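Worksheet: one structure, shown below.
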Amino acid sequence: MKSRIHSTEEVSEGLAGQGYICDPEVAMAVFLAARLRKPVLVEGPPGVGKTELARAASAYLQAPLIRLQCYEGLDEARALYEWKYGKQLLYTQLLREKLGDLLAGADTLDACMDRLAGMGDAFYSETFLEPRPLLQALRSDEPPVLLIDEVDKADQEFEAFLLELLADYHISIPELGTVGAKTEPLVFLTSNNSRELSDALRRRCLHLWIPFPDSDLEQRIVAARVPEISDALRGQLVAFVQRLRELELKKQPAISETLDWARSLVLLHARELEPELVRSTLSLLLKYEQDLATVRNGLSRLLRE
Amino acid sequence: MPVSRLVEFMTVLRGAGVPVSTAETLDALAVAEQLGLEDRARLKAGLSLALAKTGEDKARFSECFDRFFHFSRSTVAPVPGEEDESLNPPPSPGGEAAGEGGGSGGQQPASALGRMLVADEPEELERRMARAMDDAGLRGIRVITQKGLYARRIMQGLGVEDLDGEILSLERDARPASVRRARMLREARDALRARVIEEVNRQFLLHARSYGQELREQAMRNVSLRHLHEFDDVRAQVERMARRLRILHSRRTRSARRGPPDLRRTIGESIRYGGVPLALRHRRRRRGKSRVYVVCDVSRSVAPAARFLLLFLQALHEVLPDVRIFAFASRFGEVTDYFRGEDPDRAVARIMTNFGGSGTDYGAMLEDFSALCGGELDRRGTLIVLGDARNNELPARQELLREMAARLRQVYWLNPEATNRWGSGDSVMPLYLPACRRAMSCRNLAQLERFVDELLSATR
């Protein structure tokens, strides 16, 4: 990981170098998170680049990205660690004879137990530990970027379990004791607010809200991600999407959809937004039949404005 | 800007309703250390990351920040701009007076404040004002009626009495130069007073809000529901209370992590390990969905309580998804659909006009309800009746309620009258009591909140 970051401008440029264009607040969040070693909770409407931010930050900081996707029912075994049951079983089978030899001289049960105890916790040691993302992040040799995606989808129990990790960067494993971070990871949590997160979690994080971009920022994003597009078309396209966001829609088009649309327009060799073209490609922007109908009805007006 | 100023800012933030913990205060100080205090926009963005943790909080934070650091900007780095122009009298009348009046006009005003107003020294004036504000204890301002008092105290602290005396004596002196001078000083004084009042206003908004908010909330909780409509922000208060309860009881359908051992799955998975049942699997307990039936008396005497109960339940939709609502007064009917996609306030108003009236008949209500929903009542259901049980001497039909209660999980009765009035006059409350798991009086928001809290724990 890059050892020292000096200013938010540096972060801003660095992220831009990875094709992630953002406003100063986002850069500020990354800067402070790296300097203060605090997790960042990123919220905002879907598709504004919350996950992408973590990816860009990891590329910029030259740190490995470790990702944990949350879902309902996610538990410690999937997030933190698991014992390799199969391997344990296999080893006991293979070692059966060896064990027999070792225990050969012992006549009583107590003697056997003593010998076994003398061999140590062979089957509950690091060899049989399967590290899951969180443990990987803690044991990584260089400080990684840890992305805990859609934390609102996980159960409350899991959220509570995260608190220990977020506050002190260590985690308790009953069989091994407390595992502290070798190097403190840079943690991003994202949430779509499908459930209200607890105050305890919010308290431990810096909180970044990414809104839909304004016209200027969106232009720059499109220019960076779809460089093939002509200036005129880009202007029209962004203006159109911005107008769509002002409508009462079930799901507003996000940046990811703008980019998809821009790419497909480039593929279709479009030079400017024509009603027929828009009509036929609109489904890339809008994902609900109801929204599509609303926009198709007012399309000519939307294009004229 | 010293650290204490930042800490004071946190207090103001808390007052504005942004929850700031001690840990976050420390974070904010660390952020300030990283960013430095000079660049206001950067500091604002940085502090916003550390202190405001929801969308609403961000907006409140931004407003507070701008207001709080407004005055300190002019004390820390005085920018003589538009402010001193409006503050100091235009120099021309003073200059004229000096030129015209010859010997007498060229004099400095006798009072210290007058001299300061005439001299073009905004910084000095700012400093004096800040000191006078501190001396007057402006940060202790709590209620709106204190504004005049504080403004007067600050003006006195600035030495306005001497200035007033000077103006009066100048006016008594009939020479045109003196009169002109008096007018100029008067204008300058009025401009200063306007500024002081503005400053007092801002400090009031900053510091009194936390206290005032507390006071208001206390009052709103305890005032009778009947008079509650006089508070204009009562909806927000109900939402706040509901939000707290919602987080407290956030839906958790999976109960304890494990149920009894699941033999099927254990054996099924043991095949992977050659028939050795290595991992014991447990059944998962799932909580059944509970159903809530709410029957509200919407006759005039009970309507306010009904309104707030409905607002509460609407705000709790996330945790209590399956609620059916019935209203009765002149007639009985289901009103659940009134709330679909409608502003709750307006929905309640429509229910009142459609169902309101007088002459409630609880016996008939029980009959109607049992006819409409009797078939589907089971152990998952909870019935809530809101009403004063004043039955106008009609048959109470308590056996119907008892019969339904036996099939339901529980029955709650909310009565907007105090407990000691139950059973007086035509109230048949005592007849219904045996069927209720709990009957409580609900006369203010605090009691209503307590009930909803209990309901949320009892329905899961």
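The values are calculated or read from the model by the stated rules, or taken from the named source; none is laboratory data. This structure is a prediction, so every number in the text was calculated from the model and none was measured. All Cβ positions, even for glycine, are placed from backbone atoms using ideal geometry, and neighbour counts span all protein chains on display. Calculation scope for accessible area: heavy atoms of the full protein, side chains included, ligands and nucleic acids excluded. Shrake-Rupley method; radii C 1.70, N 1.55, O 1.52, S 1.80 Å.
Relative contact order for region A:143-270: what percent, with Cα pairs under 8 Å and sequence separation of 6 or more?
Values: 107 pairs, mean separation 30.2, N = 128.
Answer for region A:143-270 is 24 percent.
For chain A, what is the per residue volume of the convex hull drawn over the alpha-carbon atoms, in cubic angstrom? Display every interim value, and only then the final one.
Working: hull volume 53.4 nm³, N = 305.
Spread over its residues, the Cα hull of chain A gives 175 Å³ apiece.
Leaving out ligands and nucleic acids, note down the accessible area per residue over region A:24-89 with a 1.4 angstrom probe, in whole Å².
Numbers: 2280 Å² over 66 residues.
Solvent-accessible surface per residue comes out at 35 Å².
Find the eigenvalues of the gyration tensor of the Cα atoms of region B:291-458, then list the square roots of 5 times those eigenvalues as equivalent ellipsoid semi-axes, largest first, in whole angstrom. Before the final figure, lay out each step's value.
Working: eigenvalues 88, 66, 55 Å².
For region B:291-458, the ellipsoid semi-axes come out as 21, 18, 17 Å.
How about region B:1-48: which of its residues lose at least 30 Å² of accessible area in the presence of all protein chains relative to their chain isolated, using a 1.4 Å probe?
Output list: B:D27, B:V31, B:Q34, B:L35, B:R42, B:A45.
Once you put a point 7 Å from the Cα of B:T266 and another 7 Å from the Cα of A:E157, both along the Cβ direction, what distance in nm separates them?
Rounded to a tenth, the inter-label distance reads 1.8 nm.
Would you mind checking which residues have amide H under 5 Å from B:R300's amide H? H placed 1.01 Å from N; only 5 or more apart, or other chain.
Under 5 Å from the amide H of B:R300 lie the amide H atoms of B:G357, each far enough along the sequence or on another chain.
At 1.4 Å probe size, put A:F123, B:F451 in order of accessible surface, largest to smallest.
A:F123, B:F451
Once neighbouring chains are kept in place and the probe is 1.4 Å, which whole percent of the accessible area of chain B is contributed by carbon and sulfur?
On the way: 11460 of 22770 Å².
Percent of accessible area from carbon and sulfur atoms in chain B: 50.
Which whole-number percent gives the relative contact order of region B:291-458, counting Cα pairs below 8 Å spaced six or more residues apart? Could you put the intermediate results ahead of the total?
Numbers: 275 pairs, mean separation 37.0, N = 168.
RCO, region B:291-458: 22 percent.
Pull up the DSSP beta bridges for the protein assembly as shown and report the antiparallel fraction as a percent, rounded to 5. Can you show the working numbers first?
Numbers: 14 of 52 bridges.
Percent antiparallel among DSSP bridges in the protein assembly as shown is about 25.
With all protein chains present, how much of the accessible area of region A:96-144 (probe radius 1.4 Å) comes from carbon and sulfur, to the nearest whole percent?
Working: 1710 of 3260 Å².
Heavy-atom surface of region A:96-144 belonging to carbon and sulfur, 1.4 Å probe: 52 percent.
Note down the accessible area of B:D162, probe 1.4 Å, to the nearest 10 Å².
Approximately 100 Å² for this residue.
Quick one: order B:Y150, A:Y91 from most to least accessible surface, probe 1.4 Å. Show your work: numbers first, answer last.
Values: B:Y150 20, A:Y91 85 Å².
Greatest to least solvent exposure: A:Y91, B:Y150.
Roll a 1.4 Å probe over the protein heavy atoms and report the accessible area of B:T11 in Å², nearest 10.
Result for B:T11: roughly 80 Å² accessible.
Measure off 7 Å from each Cα along the Cα-to-Cβ vector at B:R243 and B:E334, then give the distance between these two points in nanometres to one decimal.
Between B:R243 and B:E334, the label points sit 3.3 nm apart.
Cα extents of the protein assembly as shown along the three principal axes, largest first, in whole Å?
124, 83, 73
When only the heavy atoms of the protein chains count and the probe is 1.4 Å, how do A:K182, A:K87, B:K53 rank by accessible area, highest first? Working shown, then result.
Details: A:K182 135, A:K87 65, B:K53 10 Å².
So, going from the largest accessible area down, we get A:K182, A:K87, B:K53.
Quick check on region B:291-458: of the DSSP beta bridges with both residues there, what percent are antiparallel, nearest 5%?
On the way: 4 of 25 bridges.
Counting only bridges with both partners in region B:291-458, antiparallel ones make up about 15 percent.
For chain B, what is the Kirkwood estimate of the hydrodynamic radius, computed as the reciprocal of the mean inverse distance between distinct Cα atoms, to one decimal in Å?
Numbers: mean 1/r = 0.0355 Å⁻¹.
Computed over chain B, the radius equals 28.2 Å.
Under 15 Å from a label point 7 Å along Cα→Cβ of A:K84: give me every residue in region A:120-135 with its amide N that close.
Label zone hits: A:122-132.
P(r) of region A:81-128 in 10 Å steps, Cα pairs, percent per bin?
With a bin width of 10 Å, the distribution comes to 24, 48, 25, 3.
Suppose we compare each residue of region A:75-108 in its chain alone and in the full protein complex with a 1.4 Å probe; which ones drop by at least 40 Å² of accessible area?
A:Y85, A:L89
How many nm is it between the label spots at B:D39 and B:I197, if each spot is 7 Å from the Cα in line with the beta carbon?
Computed distance between label sites B:D39 and B:I197 equals 4.1 nm.
Amide H of A:E82: which non-local residues (sequence gap of 5 or more, or other chain) have their own amide H closer than 5 Å, using H built in the peptide plane?
Answer set, sorted by chain and number: A:E130, A:R132.
Return the value, in Å² to the nearest 100, of accessible area buried between chains A and B (probe 1.4 Å, both sides summed). Can you show the working numbers first?
Numbers: alone 16020 and 24040 Å², together 37500 Å².
Roughly 2600 Å².
Go ahead and run the numbers for FRET between A:E76 and A:E97, Cβ-Cβ distance against an R0 of 25 Å, rounding to 0.05. The partial results should precede the final answer.
Details: r = 35 Å, r/R0 = 1.42.
After rounding to 0.05, the efficiency reads 0.10.
Quick check: residue separation of B:R283 and B:H317 times 0.36 nm, minus the Cα distance between them. What number comes out in nm?
Details: separation 34, 0.36 × 34 = 12.24 nm, distance 2.92 nm.
This chain segment gains 9.3 nm when fully extended.
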